[in-house]
Amino acid sequence: MDNIAETRKQETKMAIGKEDLILMYTDMIRTRKLDELMILGLANGRIGSFYHSGQGSEALAVAVGSALNEDDYLLPHHRGHGIGYLISKCCMAFGVCR
């Protein structure tokens, strides 16, 4: 019985390579920097819009975006602006892309 349980545990684990981890970390930094630019633009009156900061949620957004396939749909959650999701899915956003 223990062998079956151990086999199932191994089958459900996802291996994330070092290169992917570095890319995901880079995407989290890009997400934070773009978020900071948006906040600065609002504070300086250069952006005339409503914007809800996503600071602190970068890891969630990048993890979800990185797990999506090219043909998957993306609908950010309540109060989510989607920057991290889009960057991790390689969307051009203000000249920021992988």
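If only one of Arg32, Arg46 is touching an Asp or Glu at 6+ places or on another chain (Cβ under 6 Å) and among the charged types (D, E, K, R), which one is it? Show your work before the answer.
Working: Arg46 fails: touching an Asp or Glu at 6+ places or on another chain (Cβ under 6 Å).
Checking each option against the conditions leaves just Arg32.
Pick from the range 40-59 the residues that are within 12 Å of Ile83 (Cβ to Cβ) and not small (Gly, Ala, Ser): which of them is modelled with the lowest pLDDT? Spell out how you get there, then give the answer.
The initial filter retains those residues of the range 40-59 that are within 12 Å of Ile83 (Cβ to Cβ), namely 51-55, 57-58.
Within this subset, residues satisfying the condition of being not small (Gly, Ala, Ser) are 51-52, 55, 58.
Numbers: Tyr51: 77, His52: 80, Gln55: 86, Glu58: 88.
Restricting to residues being within 12 Å of Ile83 (Cβ to Cβ) and not small (Gly, Ala, Ser), the top hit is Tyr51.
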- Scanning the range 34-67 for residues that are farther than 21 Å from Leu21 by Cα and of a type in the set (A, V, I, L, M, F, W, C), the one surrounded by the fewest Cβ atoms within 10 Å (Cβ to Cβ) turns out to be Phe50
- Task: Can you confirm whether the range 68-80 contains a residue that is modelled with pLDDT under 85, surrounded by 12 or more Cβ atoms within 10 Å (Cβ to Cβ), of a type in the set (A, V, I, L, M, F, W, C) and touching a Ser or Thr at 6+ places or on another chain (Cβ under 9 Å)?
- Result: yes
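The values are calculated or read from the model by the stated rules, or taken from the named source; none is laboratory data. Not measured: the values here are computed from a predicted model. In this analysis, Cβ positions are derived from the backbone assuming ideal geometry, glycine residues included, and neighbour counts consider all displayed protein chains.
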